[in-house]
Amino acid sequence: MEVVSKESKNNKKFGMFAGVFTPTVLTILGAIMYLRTGWVVGNAGFGGAVLIILLAHVITVSTGLAVSSVVTNTRVGAGGAFAIISQSLGLEVGGSVGIPLFLAQGISIALYVLAFTESWLRIFPMHPEALVAFLTFIAVFGIVYVSAQFASKTQFIILGIVGFSLFSVLLTSFPIMGNMGLTETPVFWGGFRAANFWETFAVFFPAVTGIMVGISMSGSLRKPRKDIPVGTMSAIGLTLFVYLALAYWLSRIATPEELINNTTLMVDKAFWDWAILAGMLGATFSSALGSLVAAPRVMQALALHQIIPFSKFFSKESEDGEPRQAMFFAGGVGFVALLIALAGGGLDAIAGVITMFFLITYSMLNVVVLIEQTLDTVSFRPTFSVPRIVPFIGALSSTFVMFLINPVFSLIAIILVLALYAYLTRRHLASLDSDVRSGLFESMAEWAVKRTRQMQAARERTWKPVVLAPFRSANTLSGSYRFLKALTYPKGTVRALGIYTNGNKEALEGLDLLTKAFVDDGIYANATLLEEDDFVNGVRMTTQILRNTFFRPNILFLHLRPDSDLDELQDLIDKTAAYQMGVALLARHHIIELGREQIIHVWVSNQGPDWEHDLHQSNLDLAILLAYQLAQNWDARITLNMSVPDEETKEKASEFLAQLISLARLPKETKFSVVALPFDETLAQTPHADLTIFGLSREPNLKFVKKLSQEMKGSCIFIRGSGEESILA
């Protein structure tokens, strides 16, 4: 039963000819061909029209080749261009382009209904325009509602009618057929009296956007990997020839004035006028059908990935596989656009709007292929390859032409796409398996690493905290979470090192959740588990391994507790001294903890006798840098404290600290305090701080450090710099 069900479902899918070639050809050879190609030739002249046709096809051919390449490399899901972009650049980018694409296809329904109406009025000029448009829209919606398969079958008949109408045009090219042969001398370059070059291009360009109809059927094709490239490129090739030949014919049968003023001139000049009328009616009606078939499928694909509101509702299908809910909404978009156009916008205004949305989609499709080619990953091995210049030309020309046509609306369209991207990014959508964004950033990082390795190191200017936090229990990291977050946000890194013995990992459970919490808070974090009986040796090995990595740790974060093994801490601090790594030894107050996180004191050692500011000032650099980090994230105030032996030294010390605050560009709220008393007396007189920062000597006496921390009225942290930090850089 299951096999029969799958076969039955597959039989409802389309092949290349019915699913891609026919709707693409009929959409391209539609409203614009019959009703606006003559206007384009009359306005631009034969040479100008050819230039417009070729320029439009440069974009379309490049995009068609790019899409053909990418679909032969991956399984294209439902949604056409949306699926292609999403599978490479993620749902956020795909959605930000897919929503305008859906709107463009929905608005296209109105474009083709209006074109059908214009053709109908050529036959029955007394019929009310609005009534004809509404009845046409109802007929289009009714056919598509019955079945997309039914709509597809009607397209075969219409394809024959369009072909016959073009045959009627061909007959007039032979003098033997009477006085309807080519007699006029063509005007090579027009005067652009009705519109300038780019406005004329904007009116013509929707003619070649028909490739989106076939591509959008990707989810309803039997073999999209084969059907889309063959159907799309063959349709583009055939229709390009037709447009060039038609432009030449139009330039020879009438004057520019006639072509501009009579949009249905083809009817008057063809061998059989009724054939042209039938072709006009059939092509425009078929194009409306194709747009209404394609648009709901894009919307359904958006809903399947929870991108649009009421996604559960719009993602549903009927028993025969039709996206009914999405179809009603797409029809609503088309109907609203039709009302606006009838109220005064007209066919040309709608064509201009559609052009912008399709150009954005074309540009992004080319960008996708360009990125895939640039990454040069093994996974990108399409069976149909194109040179890198092809998507580059497609992306560049699409963007360039947008701004030439209408800079203001182009900017609005791009802002809309960026706003949608920002909104979808905040939604935290799921990542697709084929998403290449990580590969893109990895390649960029690899390039940056290689370039950086070739340059002289400037770590002082690029310094940021990269903390290595070793621990035996995940609870230790959890207890330090807020402090590490304040220490590293926004550009720092936390490398958690969990060391366990004899396969005993129970104490490290929950580490993944903590790492994810850092990432969710905007801090890059990762975790490494190491089985090692000797804690000190585990830290030492990890430090050795990471010392030559690009983002190597520059701070070893340790805890000093009442029950800490001072010998182990001493060993850790001593052995990391040779690895150019700073040390941050945190001693929390057992009651107050970090208090209100408002006041930070930094103790500065006596800098006499020269009192000069150097680029490197021993532990003072890292101490002030970390104080600054914490102050920014806590919204705290920093005070620099110093103990000196006499009043004369106090004056020099005060001048030194004042200059240091200025040179270090510390916040204006930063203060300093110099007291001419021994250190222990000065410390006793110093006001309470939530966190006090002390320097740590190269060979520290941890017994004294522990005693000092216990005498403090708040938490404190002991800092030893690596020599690569500079507060003055």
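Assorted remarks:
- Residue identified as crowded, with 19+ Cβ neighbours inside 10 Å and aliphatic (A, V, I, L, M) among Leu691, Leu728: Leu691
- Qualifying residue in region 647-662 (condition: charged (D, E, K, R), assigned to a loop (DSSP other than H, G, I, E, B) and surrounded by fewer than 19 Cβ atoms within 10 Å (Cβ to Cβ)): no
- Flag if Ile555 is modelled with pLDDT of 90 or more and in contact with an Asp or Glu (Cβ under 6 Å, 6 or more places away or on another chain): no
- Elements of type strands (runs of 3 or more DSSP E) in region 545-603, at least 1 residues being in the same structural domain as Val466 (by TED's automatic domain parsing) and farther than 20 Å from Gly498 by Cα: 582-587, 599-603
- Qualifying residue in region 543-551 (condition: under 30 Å from Ile599 (Cβ atoms) and either in contact with a Ser or Thr (Cβ under 9 Å, 6 or more places away or on another chain) or hydroxyl-bearing (Ser, Thr, Tyr) (or both)): no
- Any hit, region 530-544, residues being over 25 Å from Lys505 (Cα atoms) and either surrounded by 13 or more Cβ atoms within 10 Å (Cβ to Cβ) or outside the structural domain of Leu708 (by TED's automatic domain parsing) (or both): no
- Selection within region 692-717 - in a strand (DSSP E or B) and touching a Leu at 6+ places or on another chain (Cβ under 6 Å): Ser715, Ile717
- Some residue of region 237-253 being at pLDDT 85 or above, farther than 28 Å from Ser385 by Cβ, under 45 Å from the mean Cα position of the chain (by Cα) and part of a loop (DSSP other than H, G, I, E, B): no
- For the criterion of being modelled with pLDDT under 90, assigned by TED's automatic domain parsing to the domain that holds Thr682, out of contact with any helix residue (DSSP H, G or I) (no Cβ under 9 Å at 6 or more places or on another chain) and within 25 Å of Gln710 (Cα to Cα), Asp610 fails.
- Within region 56-112, the set of residues being of a type in the set (A, V, I, L, M) and under 15 Å from Pro206 (Cα atoms) comprises Ala56, Val58, Ile59, Val61, Leu101, Leu103, Ala104, Ile107, Ile109, Ala110, Leu111.
- Some residue of region 716-726 being more than 30 Å from Arg547 (Cβ to Cβ) and either under 54 Å from the mean Cα position of the chain (by Cα) or of a type outside the set (Ser, Thr, Tyr) (or both): no
- Flag if Ile143 is surrounded by fewer than 24 Cβ atoms within 10 Å (Cβ to Cβ) and in contact (Cβ under 8 Å) with a residue 12 or more places away in the chain: yes
- Of all residues in region 464-499, those satisfying the criterion of being within 13 Å of Leu530 (Cα to Cα) and surrounded by fewer than 20 Cβ atoms within 10 Å (Cβ to Cβ) are Arg472, Ser473.
- Residue check: Thr355 meets all listed conditions (1) surrounded by 21 or more Cβ atoms within 10 Å (Cβ to Cβ); (2) modelled with pLDDT of 80 or more but one, namely (2).
- When Ala525 is tested against (1) under 42 Å from the mean Cα position of the chain (by Cα); (2) within 28 Å of Leu513 (Cα to Cα); (3) surrounded by fewer than 21 Cβ atoms within 10 Å (Cβ to Cβ); (4) not β-branched (Val, Ile, Thr), just one condition goes unmet, and that condition is (3).
- Candidates Ala275, Ala337 - the one that is modelled with pLDDT of 85 or more, assigned by TED's automatic domain parsing to the domain that holds Ile99, surrounded by 20 or more Cβ atoms within 10 Å (Cβ to Cβ) and under 30 Å from Phe46 (Cβ atoms): Ala275
- Within region 55-95, tally of residues that are within 15 Å of Leu304 (Cα to Cα) and in contact with a Phe, Trp or Tyr (Cβ under 7 Å, 6 or more places away or on another chain): 2
- All positions within region 368-418 that are at negative phi, of a type outside the set (S, T, N, Q) and not in a helix (DSSP H, G or I): Val378, Phe380, Arg381, Pro382, Phe384, Val386, Pro387, Arg388
Yes/no matrix, rows are residues, columns are (1) out of contact with any Asp or Glu (no Cβ under 7 Å at 6 or more places or on another chain); (2) in contact (Cβ under 8 Å) with a residue 40 or more places away in the chain; (3) closer than 23 Å to Lys153 by Cβ; (4) of a type in the set (Lys, Arg):
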site	(1), (2), (3), (4)
Leu240	yes, yes, no, no
Ser251	yes, yes, no, no
Leu277	yes, yes, yes, no
Leu292	yes, yes, yes, no
Ser315	yes, no, no, no
Gly321	yes, yes, yes, no
Ala330	yes, yes, yes, no
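- In region 23-112, counting only helices (runs of 4 or more DSSP H) that sit wholly within it, the ones holding 3 or more residues that are at pLDDT 90 or above span 37-71.
The values are calculated or read from the model by the stated rules, or taken from the named source; none is laboratory data. Because the structure is a prediction, the values reported are computed rather than measured. Every residue, glycine among them, receives a Cβ derived from its backbone with ideal geometry; neighbour counts consider all protein chains shown.
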